[in-house]
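A short write-up of the structure that comes next.
The values are calculated or read from the model by the stated rules, or taken from the named source; none is laboratory data. As the structure is a computational prediction, the values presented were derived from the model and not from experiment. Every residue, glycine as well, gets a Cβ built from its backbone with ideal geometry; the counts of neighbours run over all protein chains shown. Quick note on the areas: whole protein, heavy atoms, side chains included, nothing else; ligands and nucleic acids left out. Shrake-Rupley method; radii C 1.70, N 1.55, O 1.52, S 1.80 Å.
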Amino acid sequence: VILSPLFVSLCGFYVLLIKRDPNEQLGLGKEIQNIFKISFGPTYGNKIVIYILRGVFEFLWSLLFVIPGIVYHYSSYFAFQLMCENPNLKPTEALKLSKKMVAGNRGELFALDLSFIGWNLLSVLTFGILSILFVNPYYLCSKAYAYEQLKAIAISSGKLSQYDFNDFSDY
C-alpha cells in the first residue's frame with residue numbers, strides 16, 4: 001500500500017514518455033528522480049485511495065462471479081493514467097472517466113493483455129529478470145499507447161470532452 005503511488009506514477013510516466021518529442025534527450029536519472037518526487041508529492045493520498053478503491057471494487061465484483069470482476073478490471077483499466085495526467089481528479093472521478101473511456105473496447109484491452117502471456121512465461125523461466133528489463137516496460141508502454149488511442153477516440157466520438165479531465169470545483 002505504501003509503494004502503490006510509485007506504481008501509479010510509473011503508469012503515468014510511460015504516458016509522458018510516449019508523448020515527449022522523440023528528438024528530445026532523455027535524462028534517465030533525472031526522470032527517475034521525478035517519478036519519486038511525483039509519487040510521494042501532494043497527490044500521494046489520492047494515489048493510495050485509487051489503488052485501494054480499484055482493488056476493493058475488483059475484489060467485490062469478483063465475489064459475484066469471475067466475469068464481473070474481469071469486466072470491472074477492464075472498466076478501470078486506465079484509472080492510474082488518468083490520475084497521473086490529471087492530478088486534480090478525485091479517485092472516484094478517475095474510475096468513472098476510465099469506465100466511459102473504455103466502454104466498447106474491453107475486448108481489445110483483453111487481447112492486449114493476452115498478447116503478453118508468452119512474454120510473462122519467458123519471464124518466469126528467467127526468474128523475473130526478463131520481466132524487469134524488458135517485459136514490464138514493454139507492457140506499460142503498450143498500455144500507454146492504448147490509453148492515448150482510446151482517449152482520442154472517446155473525445156472525438158463525444159463520449160468524453162476535454163472538460164471532463166479538469167477539476168473545476170475550486171472555481
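Overall shape of the range 1-100 was characterised from the C-alpha gyration tensor. The equivalent ellipsoid obtained from it has semi-axes of 27, 15, 11 Å, in decreasing order.
For Leu3 and Ser157, a Förster radius of 41 Å and the Cβ-Cβ distance give a FRET efficiency of 0.70, rounded to the nearest 0.05.
Under a 1.4 angstrom probe, counting protein chains only, how are Ile70, Ile50 ranked by accessible area, largest first?
Ile70, Ile50
One Cα centroid belongs to the range 20-60, the other to the range 96-171; the line between them spans 15 Å. Contact order for the range 66-171, expressed relative to its length and based on alpha carbon pairs under 8 Å spaced 6+ residues apart, stands at 30 percent.
Peptides 12-25, 96-109, ordered by how many other C-beta atoms sit within 10 Å of their residues on average, highest first, read 96-109, 12-25.
Using the beta-carbon distance between Leu63 and Asn34 and R0 = 41 Å, what value does 1/(1 + (r/R0)^6) give for FRET efficiency, to the nearest 0.05? So, using R0 = 41 Å, E works out to roughly 0.60. The residues of the chain expose on average 60 square angstrom of accessible surface per residue, using a 1.4 Å probe on protein heavy atoms. Each residue, Phe127 and Thr92, gets one label point 7 Å from its Cα in the Cβ direction; the gap between the two is 4.7 nm. Annotation for Glu108 and Tyr138: the two label points, set 7 Å from Cα along the Cα-Cβ direction, are 2.2 nm apart. Show that you can apply the helix-only estimate: for the chain, add -39,500 (n - 2.57) for every DSSP H stretch of four or more residues, divide by all residues, and state [θ] at 222 nm to the nearest 500. So the helix-based figure for the chain works out to -22000 deg cm²/dmol.
Screening the chain for whole DSSP H helices of 18 Å or more along their axis (Cα) with average Kyte-Doolittle hydropathy at least 0.5 returns 4-19, 44-64.
Direction-averaged projected area, Cα convex hull, the chain: 11.6 nm², rounded to one decimal. Projecting label points 7 angstrom from Cα along Cα→Cβ for Asp21 and Glu148 puts them 1.5 nm apart.
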